[in-house]
Amino acid sequence: MPFSRLSEAFQKMEVTSSRIALTEILIELFKQTPSQLMDDVVYLIQGKLYPDFVGLELGVGEKLLLRAISLATGVGPQEVEKLYKQLGDVGKAAEDCEKRRRQATLFREPLTISRVYSTLEKVAKAFGEGSQDIKIRLLASLFNDAEPLEARYLARIVLGKLRLGVADYTVLDALAVAFGGTKEAREIVERAYNLSSDLGLVARTIAEQELEGVKGIGITVGRPVRPMLAERLKTPQEVLEKIGGEVAAEYKFDGERMQVHKKGDQVWVFSRRLENITDHYPDVTRIAGDGIKAEEVIVEGEGVAFNPDTGEFLPFQELMHRRRKYGIEKAMEEYPVSLYFFDLLYLDGVDYTQKPYSERRRKLTEIVEESERIHLAPMIRTESPDGLETFMMEAIERGCEGLVVKDPGSNYRAGAREWAWIKLKREYRTEMTDTVDLVIVGGFHGRGKRTGVYGAYLVAAYDKEADMFRTVCKVGTGFTDEDLKDFYEMMSRYETDHKHPRVDSKMEADKWFIPQVVIEVLAAEITLSPIHTAAWGSIRSGAGLALRFPRYTGRLRLDKSPEDATTVQELIEMYRRQTKSIVEEEAKEIR
Ligand code: ATP
């Protein structure tokens, strides 16, 4: 299949502002793609060569790419660089170079998807001495044969700047329609994706073996499972009513979620976003390898940094010091990590996600050998609000955020945020101190002291049902001068010249961004709003929900993908609970 076919689809996707149209383009493309190419096509659409957990990158910087383009097109290196600076987009610069030298080309072999993919794979796998030259030669061979439009997307893929903003769920929708056509098909592909975290694998399997094949995709050690997530409520009473009967309550540690996989001597650690973070945590790998008594296993827990001098837990942010490429040994000494395991997903050939919490926890207790650095999350079983309240106070005193309360009869629901897990944090009990995680979708030019940077950002909640980002407020408070500069630079990577198709906004921003960056925001109150689009019409027709007095807390949630942001559905719940408690408070006062 020619690469030009994919480039044309990219071009269409780039200009569309409708999610339905985006899905249609994908369906069309998938139907035309030979089945053995489906995985490559799906990865390329996401600007990748492999699923994130593989962790292999192309390792090509701007300079190297520009040299390859120059070499292939004959356009001088300085001119290429100048073009890049002028256009501000490596894709457009590459395209322009191709146009400039076309007359001089005598022979071209049209690019195919297989050739592009396999050449890029070689680029990614070139390591060590002489690898830079090899990478340049490989890339130049592609640009030599690329048409201008192909060069545009090739260059963006190479620098990781393709960013078409196609969500995993949109790909799943398109796969289900293209190859299944039923509602059941959508559920089956989603389940396979939740267990394998590999869209390419799901795509190729459905194309080659239809739905029956997809049903066979299960858990594999070494490949992360998409994590189960928690809902939230405000009081122990509400939690008990929601779950019904006896609950299991565990400490909610404030660290980094870690999914630890072990097979014989090999150990992998995956983050909440399914990145392979094994190399950042050699200590975790070692202690988990020693402390988990099983041959082949997947467990989940929270890694918490502690002060080696006092033993006290450190705030979540400190763990981000461990996410570095160099100096890991030193970071490991300064920010050592303890592990608190809370779930078992797989053990020696048995898929535990299908088993109830009680059984998973019992087995987990059997296989985890507790020591100074490795523990089970403390847990109680209770039916009483007082029991929960006391346990929560205890957890908070120990430096935890609160509790995660679990339904003892529930299985592990990969990739889902459901009521089988409910978080209970202290702050939810006081009005107006709740934080939410929101996605930056637009920027407003700053004035006065803020001239030259964005003075405020337009932020949005995630509407899971529609897979859209709907605005909730403009936030300009809480940013330090340094934050403002850093954000300005960081956001330039996500600029787009039109509102992104997955963004729903009535407000016009000075600059639009691809939804990518998540920040934590503290707000005083949720109010009805005629301007913001989150939960539009759900509470009152002609109104959405907005945050009043929002303030950036200083927590940039690099560990969250935009789809992990607070959802519109959660905001509706929060709004309802808030209004209910206000009514209750007023009633008390009247009495
Ligand atoms: P938050 O922003 O409140 O940290 P989150 O959006 O990252 O939450 P949630 O699903 O809302 O994730 O809350 C569950 C998170 O809490 C898990 O991802 C995990 O990292 C953490 N956690 C800590 N202790 C536990 C526990 N005992 N059981 C489950 N999750 C726990």
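The values are calculated or read from the model by the stated rules, or taken from the named source; none is laboratory data. The structure displayed is predicted, hence computed values, not measured ones. Neighbour counts run over all protein chains shown; Cβ positions are idealised from the backbone, glycine included. The area values use the complete protein model at the heavy-atom level, side chains included, leaving out ligands, DNA and RNA. Shrake-Rupley method; radii C 1.70, N 1.55, O 1.52, S 1.80 Å.
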Among the strands (runs of 3 or more DSSP E) contained in region 452-522, which hold 2 or more residues that are buried (at least 17 other Cβ atoms within 10 Å of the Cβ) and out of contact with any helix residue (DSSP H, G or I) (no Cβ under 9 Å at 6 or more places or on another chain)?
454-463, 468-475, 518-522
Can we say R272 is within 27 Å of V350 (Cα to Cα), within 12 Å of the ligand (Cβ to nearest atom), open to solvent by 30 Å² or more (accessible area, probe 1.4 Å) and in contact with a Lys or Arg (Cβ under 6 Å, 6 or more places away or on another chain)?
yes
Conditions (1) closer than 25 Å to T235 by Cα; (2) at pLDDT below 95: number failed by S358:
(2)
For region 371-402, name all the residues that are open to solvent by 90 Å² or more (accessible area, probe 1.4 Å), at pLDDT 90 or above and more than 15 Å from the ligand (Cβ to nearest atom).
E383
Which number in (1) over 23 Å from D290 (Cβ atoms); (2) loosely packed, with under 15 Cβ neighbours inside 10 Å marks the one condition that T353 misses?
(2)
State which residue is nearest to the ligand (Cβ to nearest atom) when the search covers only region 197-221 and only residues that are under 19 Å from the mean Cα position of the chain (by Cα) and outside any helix (DSSP H, G or I).
S197
Restricting the search to region 175-184, which residues are within 16 Å of T23 (Cα to Cα) and in a helix (DSSP H, G or I)?
L175, A176, V177, A178, F179, K183
Those residues that are modelled with pLDDT under 90, of a type in the set (A, V, I, L, M) and more than 16 Å from the ligand (Cβ to nearest atom), I need them from region 546-581; list them, please.
A546, L547
For a quick check of your reading of the model, give me the residue pairs whose first member lies in region 529-555 and is at positive phi and surrounded by 13 or more Cβ atoms within 10 Å (Cβ to Cβ), whose second is outside any strand (DSSP E or B) and of a type in the set (V, I, T), with beta-carbon atoms closer than 6 Å and at least 6 apart or on different chains.
A535/V568; A535/I572
Among the candidates V260, V297, V304, which residue alone is under 26 Å from the mean Cα position of the chain (by Cα), away from the ligand (no atom under 16 Å from the Cβ) and in a strand (DSSP E or B)?
V297
When region 230-257 is examined, which residues are found to be buried (at least 21 other Cβ atoms within 10 Å of the Cβ), small (G, A, S) and not in a strand (DSSP E or B)?
G255
Which residues, counting only those in region 335-370, are within 16 Å of the ligand (Cβ to nearest atom) and in a loop (DSSP other than H, G, I, E, B)?
P356, E370
A140 is checked against (1) open to solvent by 50 Å² or more (accessible area, probe 1.4 Å); (2) part of a helix (DSSP H, G or I); (3) of a type outside the set (V, I, T) and fails just one. What number does that condition carry?
(1)
Within region 182-196, is even one residue touching a strand residue (DSSP E or B) at 6+ places or on another chain (Cβ under 6 Å), outside the structural domain of E57 (by TED's automatic domain parsing) and within 16 Å of the ligand (Cβ to nearest atom)?
no
Let me spell it out: the conditions are (1) at pLDDT below 90; (2) part of a loop (DSSP other than H, G, I, E, B); (3) within 15 Å of the ligand (Cβ to nearest atom); (4) surrounded by fewer than 17 Cβ atoms within 10 Å (Cβ to Cβ), and G415 meets all of them except one. Which number is the exception?
(1)
